[in-house]
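**Student:** One structure, pasted below without further comment.
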Amino acid sequence: MKPKLLIIQPSYYQSKKNRKVARMRRRQLVPVVLPYLAALTPPDWDIKIVDEILQPVDFDADVDVVAITTWTLNSYRAYDIAKEFRKRGKKVILGGPHVYFFFQEAQEHCDAVGVGEAEALWKKMLEDAMAGRLKSLYRAEQIQDLSNFPMPRYDLMDLRPYGLIKTYAVQATRGCPLACEFCSERLYLGGGFRVRPVQDVVEELKRLPSRNIFFAESNFGIKRRHAMELMEAFIPLRLRWSTLWSMNLCYDKEFLDLAQRSGLLHVNIGMESIDSETIAGMRKGQNKTGRYKEVLADLRRRGISFSLNFIFGWDTETLQAFPNTFQFLEETKVPVAYFNLLTPERGTSFYDRMRQQNRIINEPEIGRWPGGPCHIRPLHCTPDELEQEVQGIHRRFYSLPSMFRRLPLPLNTSAIASWVLNFSQRHVNADSNEENNFTGY
């Protein structure tokens with residue numbers, strides 16, 4: 001008899017209203033982590049997949065091993081799920097970005113923790129689980145070769161809840177070579193920056209049942225030659241694709257021309273701040289504040305839908321940053337923006353600096369709740385004032401008058417995408433607890 005494996009992506013604790021928002025968002029993007037982990041599983045296992053945002057977890061399921069992938073955002077829910085299965089005598093494995101920084105905490109809630117990239121340790125963990133020799137901690141060495149990845153097992157998922165027009169996530173690169181002061185993503189993605197062979201990516205795209213693709217990259221295009229080859233290969237596939245990339249790519253006319261021809265629908269860009277001193281402090285030299293207006297005008301001229309990320313709370317900014325930023329966004333007719341509180345993430349130099357200055361508030365709760373509170377003591381205001389200002393700019397930006405001033409008439413696909421994103425953000429309960437970023441969307 002085949003051993004049985006249950007792979008779960010947990011939901012997270014939130015209000016009833018925002019559970020509805022989360023379900024609405026999930027219906028627009030099919031998650032790739034669950035079916036990819038299933039594809040890495042040896043063929044002698046029976047596998048079931050549960051995306052808890054759209055499906056309930058059956059705690060009485062007939063399984064031998066339960067694998068839970070978790071971010072810090074849903075770690076409390078992951079621990080509760082693990083507890084229920086362990087009470088029933090099931091072996092529970094925890095992995096995902098959260099355990100990279102919190103493996104000791106995670107060990108208290110499961111039978112084994114896998115830290116690092118699954119390709120290097122997943123089969124060994126399953127083998128040990130069935131042999132009764134499961135260790136409490138497994139660490140993966142960084143994988144260098146990203147070729148010959150298996151095709152995600154979407155055949156194991158009930159795709160009906162994801163709607164008629166599905167978007168699939170694909171990974172063409174892994175990691176990020178940049179070292180922005182506030183970002184920990186480059187650490188838990190295995191370290192370094194690596195690319196998948198172009199032909200491997202193309203073959204995966206051909207096998208997907210949709211032409212709507214989200215490239216789940218830390219920074220699409222950071223290796224320009226690879227990105228250019230990819231986009232050339234996209235053209236005959238007639239994709240409508242979205243991704244995230246750095247501001248410096250917006251200065252590259254040849255790159256943008258090819259992105260446009262290859263079917264780029266939407267790009268998310270980390271602008272972070274309109275203040276040059278603040279940009280210098282966060283080590284984002286690729287963001288040239290003096291060229292912002294030129295860049296955004298070019299994206300609008302090309303008909304490319306785009307969104308910008310902003311982070312507030314820097315020592316170089318006062319509360320005047322909020323009206324200044326709002327004025328900039330309306331003047332430049334930015335279609336979509338995400339407003340975030342500066343947060344001291346473990347592993348970052350910003351975290352080290354805030355801890356040294358004793359300015360971190362309630363460290364154990366950092367990242368645990370969507371749209372969580374301010375976790376630093378700002379220099380120029382109180383934590384409550386900073387939270388209120390972030391909520392306020394969100395409300396003003398997504399008010400109907402602002403939308404009609406900023407957004408183009410919905411006469412083409414990119415304009416329609418901008419309107420859809422705006423109405424999605426209007427559903428967000430900005431006063432309490434919801435994710436406010438493109439990745440969350």
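**Student:** As a test of the definition: which semi-axes, in Å, follow for the stretch 331-422 when you take the square root of five times each eigenvalue of its alpha carbon gyration tensor? Largest first, please.
**Tutor:** Rounded to whole Å, the semi-axes are 34, 14, 11.
**Student:** Something else: Please give, to one decimal in nm, the separation of the simple spin-label points placed at GLN199 and HIS380, each 7 Å out from Cα toward the Cβ.
**Tutor:** Computed distance between label sites GLN199 and HIS380 equals 5.5 nm.
**Student:** Follow-up. Could you tell me the largest-minus-smallest coordinate of the C-alpha atoms of the stretch 87-133 on each of the three principal axes, in descending order and whole angstroms?
**Tutor:** That gives 27, 26, 13 Å along the principal axes, largest extent first.
**Student:** Just subtract the alpha-carbon distance of ARG405 and LEU164 from 0.36 nm times their residue separation and send over the number in nm, one decimal.
**Tutor:** That works out to 83.6 nm of additional length.
**Student:** Still on this model: For the stretch 172-227, just list the percent of Cα-Cα distances falling in each 5 Å bin from zero outward, please.
**Tutor:** Once binned at 5 Å, the Cα pair distances of the stretch 172-227 give 4, 18, 25, 22, 16, 9, 5, 1.
**Student:** Could you give each residue of the stretch 156-173 its phi-based ³J(HN,Hα) in whole Hz, using Karplus coefficients 6.51, -1.76, 1.60 with θ = phi - 60°, and x for Gly or Pro?
**Tutor:** Running phi through 6.51 cos²θ - 1.76 cosθ + 1.60 with θ = phi - 60° gives 8, 9, 7, 8, 4, x, 8, x, 6, 9, 9, 10, 10, 8, 9, 10, 9, 9 Hz.
**Student:** Given the rule -39500 (n - 2.57) for each run of at least 4 DSSP H residues, summed and divided by the residues of the chain, what is its mean residue ellipticity at 222 nm, to the nearest 500 deg cm²/dmol?
**Tutor:** Estimated from H runs of four or more residues: -10500 deg cm²/dmol.
**Student:** I'd like the FRET efficiency for LYS4 and ARG283, computed as 1/(1 + (r/R0)^6) with the beta carbon distance as r and R0 of 45 Å, rounded to 0.05.
**Tutor:** The computed FRET efficiency comes out at 0.40.
**Student:** How about the chain: what cysteines have no other cysteine beta carbon under 4.7 Å from their own?
**Tutor:** If one checks each Cβ against the other cysteines of the chain, CYS110, CYS176, CYS250, CYS374, CYS381 turn up with nothing under 4.7 Å.
**Student:** Next up: For the ranges 62-73, 315-326, what's the packing order if you count other beta-carbon atoms within 10 Å of each residue, average per peptide, and put the highest first?
**Tutor:** Peptide ranking by packing, descending: 62-73, 315-326.
**Student:** Provide the packing ranking of 165-171, 395-401, i.e. peptides ordered by the mean count of other C-beta atoms within 10 Å per residue, highest first.
**Tutor:** Answer by packing, highest mean first, reads 165-171, 395-401.
**Student:** Using a Förster radius of 41 Å, what is the FRET efficiency between GLU363 and ILE143 based on their Cβ-Cβ separation? Nearest 0.05, please.
**Tutor:** Calculated value: 0.85.
**Student:** What FRET efficiency do you get for TYR251 and SER424 if R0 is 25 Å and r is their Cβ-Cβ distance, rounded to the nearest 0.05?
**Tutor:** That gives a FRET efficiency of 0.30.
**Student:** Add +1 for every Lys or Arg and -1 for every Asp or Glu among the other residues with Cβ under 11 Å from the Cβ of LEU329, and state the total.
**Tutor:** It works out to a net charge of +2.
**Student:** Taking every alpha carbon pair in the chain, what does the distance histogram look like in 20 angstrom bins from 0, in percent?
**Tutor:** With 20 Å bins starting at 0, P(r) equals 24, 59, 16, 0.
**Student:** Right, next: Label-point separation (nm) for ASP46 and ALA415, each offset 7 Å from Cα along Cα-to-Cβ?
**Tutor:** 5.4
**Student:** Find the Rg to Rh ratio for the stretch 139-210, where Rh is the Kirkwood radius over alpha-carbon pairs and Rg uses the same atoms.
**Tutor:** 1.04
**Student:** Averaging sequence separations of C-alpha pairs under 8 Å and six or more residues apart, then dividing by the length of the chain, give the relative contact order as a whole percent.
**Tutor:** With pairs under 8 Å counted, the relative contact order is 13 percent.
**Student:** From the P(r) of the stretch 195-303, can you give the percent of Cα pairs sitting at distances over 23 Å?
**Tutor:** Summing the P(r) tail past 23 Å for the stretch 195-303 gives 30 percent.
**Student:** Let me check against my output: what whole-number percent is the relative contact order of the stretch 102-255, with C-alpha pairs under 8 Å and at least 6 apart?
**Tutor:** Once divided by the residue count of the stretch 102-255, the mean separation gives 19 percent.
**Student:** If you take the alpha carbon radius of gyration of the stretch 162-203 and divide it by 2.2 N^0.38 Å, what ratio comes out, to two decimals?
**Tutor:** 1.54
**Student:** Leaving ligands, DNA and RNA out of it, report the carbon-plus-sulfur percent of the accessible area of the stretch 182-247 at a 1.4 Å probe.
**Tutor:** C and S atoms contribute 50 percent here.
**Student:** What is the distance, in nm, between label points placed 7 Å from the Cα along the Cα-to-Cβ direction at LYS87 and at ASP60?
**Tutor:** The answer from the label model is 1.4 nm.
**Student:** If you don't mind, there's one more thing I want to ask. In sequence order, what are the phi-derived ³J(HN,Hα) couplings for the stretch 205-218 according to the Karplus relation 6.51 cos²θ - 1.76 cosθ + 1.60 with θ = phi - 60°, rounded to whole Hz, with x for glycine and proline?
**Tutor:** 4, 5, 8, 7, x, 9, 9, 8, 10, 10, 7, 7, 9, 5
The values are calculated or read from the model by the stated rules, or taken from the named source; none is laboratory data. What you see is a predicted model; the values in this text were computed from it and never measured. Methodologically, a virtual Cβ is constructed for each residue, glycine included, from the backbone with ideal geometry; neighbour enumeration extends over all protein chains shown. In case anyone asks, the SASA skips ligands and DNA or RNA and just uses the protein heavy atoms, side chains included. Shrake-Rupley method; radii C 1.70, N 1.55, O 1.52, S 1.80 Å.
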